[in-house]
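The values are calculated or read from the model by the stated rules, or taken from the named source; none is laboratory data. Just so it is clear, the model here is predicted, and its values are computed rather than measured. Cβ coordinates were reconstructed from backbone atoms using ideal geometry, including for glycine residues, and neighbour counts include every protein chain displayed.
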Amino acid sequence: MAAARDLRAMEMADGDDAVELAKRHLIQPWPYAGSVGNEARALIGEGDGIYITDVTGKRLIDGPAGMWCINVGHRREELARVMYDQAMMLSYNTPWYTMNAPSAELAKRLADHAPGDLSHTFFTTGGSSAVETALRFMQFYNNVRGRPEKKLILSRGGAYHGSTYLSASLNGRPRDRDWMDGADDLVVKLSSPDPFRRPKGIDIAAFCDFLVDQFRDTVARVGAEKIGAFVGEPVQASGGVVVPPDGYLKRIREICRDNDILYISDEVVTGFGRLGHVFASGDGFGIDPDMITFAKGVTSGYFPLGGVIISERLLQEMRRSNHPDAMFGHGLTYTSHPIGCAVALKNLDILEDSVLAHTRDVAPYFQSQLKTLEELPLVGEVRGMGLMGCVECVADRESKDPLQLDKDVGKRIDAHCHELGLLVRPLINMCVMSPPLIITREQIDDMVAILREGISRTMDDLRKEGVWQG
């Protein structure tokens, strides 16, 4: 503990230096051209449970759980100890011609939780590389089966699947692709399954029919013989916690199965407890994908790790092919990293012991308390599932205008909440909340109270500036 206190004191003293060093040498993720390489962001000094503390000593509820990932909370000694113990035993081994025991055990544990016949895991370094791996596997699978033309990928508006070239090509959020290139010739985009943004005059059941018909018509128009995969999040996370209509995913799964299109369920966010289960595809939505990608919560953010779980059926089909010598020429230096896999095993122990059950217990309260924010006139909708929630702000509830006059309303709310003791994930006109899964009802009350005040102060600001008259 003395060493930890010394480290905290040093961080507090060096805060100004870190800011200057960042401005001189650090390129932040998702920067604007006008500030790239000359930017410092909020400097965080420590974390404990559901809280983080910035270098000024201000304690904040970690509303986004890092980046959807600190599922079992900050400062879990058992996870830190596993990292140390594994590093002292074996810090690394090359996956090209050796292996380690933690990766094999973790692959088996994941197979036990996965739906259907998903039984084999390829480990990566994070979510982007997991999605990239799944897509490259789809390409390899169709090449081996003599179908080199079956490579197109179906994705959706509002989607976020990563930052590598191919995974980022699937993204469908506003501004993600404004200035970035992508493999557009390989991707076919579909509508977002966002009930809040459905066309006027139709109910949610009709909206679901529209989405399914669009999917089916797209397959018919493009040709199933050209489409290799559909990639979809069970709940669109960075797109604004978009929960699809009931039955939508099952119906899309059936169309994929009927047309020999691989269904890739992107559970980088929804996996490992965020919706109360290790995997939400089967337990939450009743589907059995051909592949599931994961990352983030698999280690609760303590170590970079991701992966893709693949159906036994696909592997058997390749084993029976006429190209037994074909090589899946894909791998990463840190594939199956022994420290990451050891941390993931202990993280699974913690989840299975009590955290999954706790999440299922408090999630309804979390959703109901967030829903009270719809009383505020700036709020168009509050939606969510499990311990994922989104507050979407609009200038006008009738038109659902997403505040085009002020695209930074989410950042405004976050700034007020930061001052009040809460870190929020701002997304243009939305505020996303995904706290550590260990959050209590009392802490949920604190979080919602701060968010309410932050939104109220933002309304006052917008009125004073003449930007909004609500």
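Summary of values
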| read-out | value |
| --- | --- |
| Number of positions in the stretch 414-447 that are touching a strand residue (DSSP E or B) at 6+ places or on another chain (Cβ under 6 Å) and touching a residue at least 40 places away in the same chain (Cβ under 8 Å) | 12 |
| Candidate set from the stretch 242-267 (those that are closer than 14 Å to A114 by Cα and either surrounded by fewer than 24 Cβ atoms within 10 Å (Cβ to Cβ) or touching a residue at least 40 places away in the same chain (Cβ under 8 Å) (or both)); member that is farthest from the chain's Cα centre (by Cα) | I264 |
| Only one of C431, C393 that is more than 20 Å from C69 (Cβ to Cβ) and under 22 Å from the mean Cα position of the chain (by Cα) | C393 |
| Of the criteria (1) closer than 20 Å to P436 by Cβ; (2) over 14 Å from the mean Cα position of the chain (by Cα), which one F272 fails | (2) |
| Lone qualifier among G66, G158 - being in contact (Cβ under 8 Å) with a residue 40 or more places away in the chain, assigned by TED's automatic domain parsing to the domain that holds V362 and surrounded by 19 or more Cβ atoms within 10 Å (Cβ to Cβ) | G66 |
| Residue within the stretch 86-98 that is exposed (fewer than 11 other Cβ atoms within 10 Å of the Cβ), at pLDDT 95 or above, over 30 Å from I310 (Cα atoms) and not hydrophobic (A, V, I, L, M, F, W, C) present | no |
| Scan of the stretch 448-466 for residues that are out of contact with any helix residue (DSSP H, G or I) (no Cβ under 8 Å at 6 or more places or on another chain) and in contact (Cβ under 8 Å) with a residue 24 or more places away in the chain, ordered by number | S456, M459 |
| Hits in the stretch 51-78 - residues which are of a type in the set (A, V, I, L, M) and touching a helix residue (DSSP H, G or I) at 6+ places or on another chain (Cβ under 6 Å) | V55, I61, V72 |
| Qualifying positions in the stretch 206-221 - among the polar types (S, T, N, Q) and in contact (Cβ under 8 Å) with a residue 60 or more places away in the chain | T218 |
| Output for the stretch 420-455, where each listed residue is loosely packed, with under 15 Cβ neighbours inside 10 Å and among the polar types (S, T, N, Q) | T440 |
| Leading residue by the ranking (surrounded by the fewest Cβ atoms within 10 Å (Cβ to Cβ)) among those in the stretch 213-241 that are part of a loop (DSSP other than H, G, I, E, B) and of a type outside the set (D, E) | G223 |
| Subset of the stretch 410-435 (residues that are part of a helix (DSSP H, G or I) and of a type in the set (A, V, I, L, M)) | I413, A415, L420 |
| Test: residue in the stretch 54-66 that is closer than 19 Å to G340 by Cβ and under 21 Å from the mean Cα position of the chain (by Cα) | yes |
| Filtered residue count, the stretch 184-212, keeping only those that are part of a loop (DSSP other than H, G, I, E, B), at negative phi and surrounded by fewer than 15 Cβ atoms within 10 Å (Cβ to Cβ) | 4 |
| Filtered residue count, the stretch 112-151, keeping only those that are of a type in the set (A, V, I, L, M) and in contact with a Leu (Cβ under 6 Å, 6 or more places away or on another chain) | 2 |
| One residue from S163, S128, S191, S155 being under 21 Å from the mean Cα position of the chain (by Cα) and farther than 16 Å from T293 by Cβ | S191 |
| Residues located in the stretch 196-226, provided they are under 24 Å from D401 (Cβ atoms) and touching a strand residue (DSSP E or B) at 6+ places or on another chain (Cβ under 8 Å) | F196, L211 |
| Qualifying residue in the stretch 111-121 (condition: touching a His at 6+ places or on another chain (Cβ under 7 Å) and not hydrophobic (A, V, I, L, M, F, W, C)) | no |
| Options I153, I202: the member that is more than 30 Å from A326 (Cα to Cα) and of a type in the set (A, V, I, L, M, F, W, C) | I202 |
| Any hit, the stretch 132-150, residues being charged (D, E, K, R), within 26 Å of G340 (Cβ to Cβ) and part of a helix (DSSP H, G or I) | yes |
| Condition check for E105: in a helix (DSSP H, G or I), farther than 23 Å from M67 by Cα, of a type in the set (D, E) and touching a residue at least 12 places away in the same chain (Cβ under 8 Å) | yes |
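Per-residue answers, yes or no, for (1) touching a Gly at 6+ places or on another chain (Cβ under 9 Å); (2) buried (at least 21 other Cβ atoms within 10 Å of the Cβ):
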position: N347; (1), (2): yes, yes
position: A357; (1), (2): yes, no
position: Y365; (1), (2): no, no
position: E375; (1), (2): no, no
